[in-house]
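First up is the structure itself, then whatever we jot down about it.
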Amino acid sequence: MLHARSAALTPGDPVPEPLVMTSAFALPEQPDPDRTYGRTATPSVSAVEQRLSLIEDAPCLLFPSGMGAYGALLMAALQSGDRVLLLSDGYFAARALTEQILAPFGISMDTVPADGIATAPLEGYAMVVIETPSNPGLQVVDIAAFSARCRAAGARLVVDNTVCTPLLQQPLDLGADAVIVSDTKAMAGHSDLLMGHVASRDTALMEKLHATRTLAGAIPAPMEAWLLLRGLETLEIRLARMCENARAALPLLQNSDKVADVTYPRPHPQAADQGFLVGATFADTPTADRFLSLAGFAPTTSFGGLHSSGDRRARWGDDVPGGFLRLSFGIEPTAQLTAGLTRALERL
Ligand SMILES: *Cc1c(COP(=O)(O)O)cnc(C)c1O
């Protein structure tokens, strides 16, 4: 991905991807379909989609947020009368979108908890959407086994791969029909933009999705897409440090009498790493808040950024204890991070 541009460089070309801010193009008799009008495609958005395609090993389309990707995919793939199965403990906005916005168009939704999805009946569903590890419970679903069940039931499987990113887990290779990623999180990684994408090897679905994006006007701006590329170019080294930091913090949290329970995704051969998210349950809400402040973790609801952060999920209505924090480990030097955590846990 880093060298995708190198081979085509001619003398005097900029080495990094240039930002092209335009909505309009000079149109010859036979226009290039990617250079007609900025709502269809722009050079910067297409360049980022091509880079994403290299790490997804599949065609990709960018959207202005992860939920933008969800909305367009559900609109493109579903029709009136379809039933959809989602996780009851997955990303809440995916359920709210289906329930509040798509229900009036004749699309109905059922939900199952992540720890029950492997054996849930799948007959009659047009689409099943899972997250693995799930967010915030960090339950792992065996995608290969589950995609075989979806195929047998005639349901399309969509995997939200936001938590792992395509560098740690490749759901399409394990049989998923489409992948959704909120690039707002680890992919962009700097907590300064919203973005999302869909990857799929289903050509007809991707064509419909592109038409949906063009007609609904849901293409990201060139500047934001270009910023995502800056983040993507360092994804591998950021992820490595983030996962290393999570692993270094794990025993400190597990061995502390201030932490009642620690959750971390179980190891599974489908994912290259267990990731950078750790669930930690403190005695109560004030203790959890005090921990964040003592440890210098940003109290934020997002995750996957450079700065270690934590979110008290109960305040968003997740079915978790008041003292539960979803911790997202950043790229701080590991020794300093663990020293800070040790001090924070002692003083708590
Ligand atoms: C954040 C998130 C989304 C939504 O993405 P946005 O970029 O905020 O629209 C979807 N799924 C998961 C798992 C997320 O964490």
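The values are calculated or read from the model by the stated rules, or taken from the named source; none is laboratory data. Everything numeric here is computed off the predicted structure, so don't read it as measured data. Positions of Cβ are generated from backbone atoms using ideal geometry, with glycine treated the same way; all protein chains shown enter the neighbour counts.
Annotations for the structure displayed:
- Selection of the stretch 152-188 for residues being assigned to a helix (DSSP H, G or I) and either over 13 Å from residue 271 (Cα atoms) or of a type in the set (Val, Ile, Thr) (or both) yields 152, 153, 165.
- Applying the criterion of being away from the ligand (no atom under 15 Å from the Cβ) and surrounded by fewer than 23 Cβ atoms within 10 Å (Cβ to Cβ) to the residues of the stretch 157-171, the residue that is nearest to residue 186 (Cα to Cα) is 167.
- Filter pass, residue 55 being more than 14 Å from the ligand (Cβ to nearest atom) and more than 20 Å from the chain's Cα centre (by Cα): no
- Scanning the stretch 29-70 for residues that are of a type in the set (S, T, N, Q) and crowded, with 22+ Cβ neighbours inside 10 Å turns up 42, 44.
- Taken as a whole, the condition of being surrounded by fewer than 20 Cβ atoms within 10 Å (Cβ to Cβ), modelled with pLDDT of 95 or more and in contact with a Pro (Cβ under 8 Å, 6 or more places away or on another chain) applies to residue 201.
- Residue within the stretch 123-139 that is over 16 Å from the mean Cα position of the chain (by Cα) and either without any contact (Cβ under 8 Å) to a residue 24 or more places away in the chain or under 30 Å from residue 23 (Cβ atoms) (or both) present: no
- Residues of the stretch 68-84 satisfying the condition of being under 19 Å from the mean Cα position of the chain (by Cα) and within 21 Å of residue 115 (Cβ to Cβ): none
- Residue match in the stretch 239-262 (condition: closer than 30 Å to residue 20 by Cβ and either in contact with a Ser or Thr (Cβ under 9 Å, 6 or more places away or on another chain) or in the same structural domain as residue 187 (by TED's automatic domain parsing) (or both)): yes
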